[in-house]
Amino acid sequence: MLELVYQCGPVARLYGEERLGVAVQVIVAPMVIKNVTALSASRTSVLGGIMRVLSNYEGSILYNQRYFYRGYERCKRCLQTEHAFALPLGKYELYIDTFLSVPIQTKPEGGALTLDFDETRTQFGLRYLLNDDWILDANAKYIHYWRDDQNGYDTRDDIWEFGAGVICKCFEPVTPSVFAYYDIRCKAYTLEGKVDYGFDLARIGIPLLKIATQVNGGYVRAKRFFTGKLGNIQKINGMPLEIRNLTSEKNRYAYAGGTFELCFCPNGHVESAIGIHYNINSNSKHVSNNNLANYLTNHKSIAWLGARMTVSF
């Protein structure tokens, strides 16, 4: 309620002297004030939440000569980008991670197929800070693969996966973590462990540089082809081809890998790195004994170079 009151007469007393004049008195109902205050607080809360998310952002652009995911080579030379947003809520933290990998295409010799996959990956998660040393994590992940080139090779694949794990910060700067995942599309179980370690070279008199390393390993057991349904291949070089029978193949293998990066850190928000990566798995090179992790590649183990630039707030 808003009320205007018109008043004529002695309306003010200035320096002890009464003055004659006209005054307009504005009366605002307490409910109106309360609603306006609530609206203002709501907008402030939303803006504050957005600023908190933006203040917990990390984004990277990467180039890799190879791209492996859980021991499985997805493509050769590629450009990638990933972005992570987090919203702290007391002892909890909501987060979302996005990832995009795009192969750098080259014309295949003799019309041979290039079996590199494009990939998008989106992960939603919730972390709980048990204490200063232990973090619990639960997440859901959606992965989409596709491949469509001038030779007519057309593949689509979608994967939904749920995971949970624990991160230990007891031994910083060494940070181990263990996660378990279940892929509902492939009926696949994955157990994966990682150990991250960083060393600031400024401690030995070399400023602006640091070393970042990671060692990882895991085991996959799937009731279907590891990527799920390989897809509906419509044609290859003009000829139709069906390989849907591969979706019923079982698959299990172990894998391991490592990364060693030299990082240039001019400030606390920007980091550039170049490094060497290595991957090995227990699968055979071809489709045999139900081992399919290397179906699209001839490498059970390989090393390659990569570079990245990361911005964080």
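In the condition set (1) at pLDDT below 60; (2) assigned to a strand (DSSP E or B), L305 is compliant with all but (1). When residues of segment 147-162 are filtered for being at pLDDT below 75 and in a strand (DSSP E or B), how many remain? Counting residues in segment 147-162 that are at pLDDT below 75 and in a strand (DSSP E or B) gives 6. Just one of (1) at pLDDT 80 or above; (2) not in a loop (DSSP other than H, G, I, E, B) fails for T247. It is (1). The residue of segment 106-132 that is modelled with the lowest pLDDT, among those that are surrounded by fewer than 14 Cβ atoms within 10 Å (Cβ to Cβ) and assigned to a loop (DSSP other than H, G, I, E, B), is A112.
In the condition set (1) touching a His at 6+ places or on another chain (Cβ under 7 Å); (2) at pLDDT 95 or above; (3) not hydroxyl-bearing (S, T, Y), G275 is compliant with all but (1).
The values are calculated or read from the model by the stated rules, or taken from the named source; none is laboratory data. Keep in mind that this is a model prediction, so the values were computed, not measured. Note that each Cβ is placed from the backbone with ideal geometry, even for glycine, and that neighbours are counted across all protein chains shown.
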